[in-house]
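The values are calculated or read from the model by the stated rules, or taken from the named source; none is laboratory data. Please read these numbers as outputs of a predicted model, since none were measured by experiment. Cβ coordinates were reconstructed from backbone atoms using ideal geometry, including for glycine residues, and neighbour counts include every protein chain displayed. Just so you know, the surface numbers come from the protein's heavy atoms only, side chains and all, with ligands and any DNA or RNA stripped out. Shrake-Rupley method; radii C 1.70, N 1.55, O 1.52, S 1.80 Å.
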Amino acid sequence: MKKVILMLMLFMPLATFAQKFGHVNAQEVMTSMPDFIKARGEIEAAAKQYDIDIKALQDEFQRKMEEYEKNQATMNETKRKETEDALQQMYNKIQQAVQDNQQALSQMQQEKLGPIQAKVIEAINAVGKSGGYVYIMDTASGILYISETLSKDVTAEVKAELNKTK
């Protein structure tokens with residue numbers, strides 16, 4: 001009898017304090033936000049413009065390189081050296097422009113997407129607190145298995161929370 005009472009006392013707190021677990025697809029939440037769609041469009045437009053600018057520099061470099069190759073045999077040593085130096089400088093300029101564009105694009109992504117990610121995290125935290133969840137895991141981060149019986153999908157709730165904050 002003591003064992004039964006002891007087992008009841010041991011398991012009763014577990015039943016009384018049942019823990020709630022949730023999961024969310026933060027990527028799905030974020031990509032459905034109008035702010036994200038707008039930011040992604042601006043980032044894609046900037047990336048396209050950067051590509052156009054680099055392509056123009058590469059085309060000019062290619063044209064000058066072909067001109068150099070065609071006239072190389074008739075150039076004197078000084079002119080050939082000047083042309084080669086100019087081509088090398090142009091090549092370096094293209095490489096620097098590529099690096100600068102990548103950095104600018106990365107910075108733009110951080111500036112535009114950072115606040116959106118913060119809003120999503122804030123909404124997840126609000127849902128977690130109001131729903132009494134112990135954990136809310138992000139399924140977009142590569143979790144291989146989530147028990148649908150022990151964990152509730154709160155993606156819709158997070159989207160609703162975000163809509164409240166508009």
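Is at least one residue of segment 148-159 among the β-branched types (Val, Ile, Thr) and assigned to a helix (DSSP H, G or I)? The answer is yes; a qualifying residue exists. Ala73 meets all of the listed conditions (1) open to solvent by 70 Å² or more (accessible area, probe 1.4 Å); (2) under 28 Å from the mean Cα position of the chain (by Cα) but one, namely (2).
Condition test on Glu60, is it over 30 Å from Leu144 (Cα atoms), in a helix (DSSP H, G or I), modelled with pLDDT of 95 or more and out of contact with any Asp or Glu (no Cβ under 7 Å at 6 or more places or on another chain)?
yes
If you go through segment 109-131 and keep only what is small (Gly, Ala, Ser), over 16 Å from Lys20 (Cβ atoms) and surrounded by 14 or more Cβ atoms within 10 Å (Cβ to Cβ), you end up with just Ala123. For first residues located in segment 97-109 and under 16 Å from Gln58 (Cα atoms) and of a type outside the set (Val, Ile, Thr), partners that are open to solvent by 50 Å² or more (accessible area, probe 1.4 Å) and in a helix (DSSP H, G or I) and lie 6+ apart or on another chain with Cβ distances below 6 Å form the pairs Asn101/Tyr50.
Can you find even one residue in segment 132-143 that is within 30 Å of Lys20 (Cβ to Cβ), of a type in the set (A, V, I, L, M), surrounded by 12 or more Cβ atoms within 10 Å (Cβ to Cβ) and in contact with a His (Cβ under 7 Å, 6 or more places away or on another chain)? Checked against the condition, which is being within 30 Å of Lys20 (Cβ to Cβ), of a type in the set (A, V, I, L, M), surrounded by 12 or more Cβ atoms within 10 Å (Cβ to Cβ) and in contact with a His (Cβ under 7 Å, 6 or more places away or on another chain), segment 132-143 yields at least one hit.
Being modelled with pLDDT of 95 or more, farther than 30 Å from Leu162 by Cα, part of a helix (DSSP H, G or I) and open to solvent by 100 Å² or more (accessible area, probe 1.4 Å) narrows it down to one residue among Lys48, Lys3; which is it?
One residue alone meets the criteria, Lys48.
Considering Glu66, Glu84, the condition of being exposed (fewer than 12 other Cβ atoms within 10 Å of the Cβ) and in a helix (DSSP H, G or I) is satisfied by Glu66 alone.
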